[in-house]
Amino acid sequence: SLKKTLVLLVVFSMILSTLVPAFAATDVEGLDCEDQVTRMEALGIIKGFEDGTFRPTETITRAQMAVIICKMTGVTDAIAEANKNVDSKFSDVKAGEWYTGYVNIASNNGIITGFPDGTFRPNETLTLNQVLTLCVKALGRGGYVDKMGTWPANYIAEAARLNLLKDVKGASDANRGNVAVICWNTLNAATWYVDSEKLDGEVALGQDSKTLLAINFSDFTVEEKYADNNYKTGALKETDDN
């Protein structure tokens, strides 16, 4: 009937609305990073610019990465806002800046560190090795990897083992497109936790079966499964009730 048809159209439009982000970058269409950028935007982790672009070839800054890492690990805007006007341990991170709350949280959680002179240098750009280091730490592997060799080789090796470099284009380019890809891979990697700590300081880690995506964005995983299994093929399976 017409009434049933209208109801189905409304429901279907609601389903599609959960798959399409509020902001759709115009300059990533057709690029290798398009899917990852779209998903990261849908999660509210990465944002584009007011002119409708994402600027995938621009290099990421330390302040921008602090925001991304925090959001990946479940830090909400409200939590960051509560830490925004708190004095930072870094001399060049002033209270009230848009990134201050995120920098404070990431620093307190041991994910981001500053420089020997006490600065954070929020507007300085990151290298690919630095991005990989932050992502490995976000997964709870920092303390373990620190004891496995010297930086950056130890973190590069661990990032490769965790498959964080999958689909990354360019050997050393930390542009916004590659960062979106690396961060998406990080969201889908297994997290780790401290299983035990001996008196001599040795730490044993246990692997969690959950990912950052499942832990912090559980509502999204349902739509993501739908998108991966059905949306890309252009057809719904007959067994899917919805």
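The values are calculated or read from the model by the stated rules, or taken from the named source; none is laboratory data. All of these numbers come straight from a predicted model, not from anything done at the bench. Methodologically, a virtual Cβ is constructed for each residue, glycine included, from the backbone with ideal geometry; neighbour enumeration extends over all protein chains shown. Heads up: the accessible areas ignore ligands, DNA and RNA and are worked out on the full protein's heavy atoms, side chains in. Shrake-Rupley method; radii C 1.70, N 1.55, O 1.52, S 1.80 Å.
Per the listing ALA214, ALA204, ALA171, the residue uniquely assigned to a helix (DSSP H, G or I) and at pLDDT below 95 is ALA214.
Would you pick out the residues in region 166-191 that are open to solvent by 60 Å² or more (accessible area, probe 1.4 Å) and either in contact (Cβ under 8 Å) with a residue 24 or more places away in the chain or touching a Lys or Arg at 6+ places or on another chain (Cβ under 7 Å) (or both)? Show your work before the answer.
Start the filter on region 166-191 by keeping residues that are open to solvent by 60 Å² or more (accessible area, probe 1.4 Å), which leaves 166-167, 169, 171-173, 188.
Result: ASP167, LYS169, ALA171, SER172, ASP173, ASN188.
Identify the residue in region 174-190 that is assigned to a loop (DSSP other than H, G, I, E, B) and more than 10 Å from the chain's Cα centre (by Cα) and, among all such residues, is farthest from GLY140 (Cα to Cα). Show your work before the answer.
First pass over region 174-190, keeping only residues assigned to a loop (DSSP other than H, G, I, E, B): 174, 188-189.
If we keep only those that are more than 10 Å from the chain's Cα centre (by Cα) too, we end up with 174, 189.
Values: ALA174: 22, ALA189: 11 Å.
Out of the qualifying residues, it is ALA174.
Provide a single number: the residues in region 138-161 that are in a loop (DSSP other than H, G, I, E, B), hydrophobic (A, V, I, L, M, F, W, C) and crowded, with 17+ Cβ neighbours inside 10 Å. Show your work before the answer.
Start the filter on region 138-161 by keeping residues that are in a loop (DSSP other than H, G, I, E, B), which leaves 139-141, 147-152.
Of the ones still in play, those that are also hydrophobic (A, V, I, L, M, F, W, C) are 139, 148, 151.
Next cut, crowded, with 17+ Cβ neighbours inside 10 Å only: 139.
Total satisfying the criteria: 1.
Taking the listed residues GLY110, GLY118, the one that is small (Gly, Ala, Ser) and over 26 Å from ASN185 (Cβ atoms) is GLY118, with no other qualifying.
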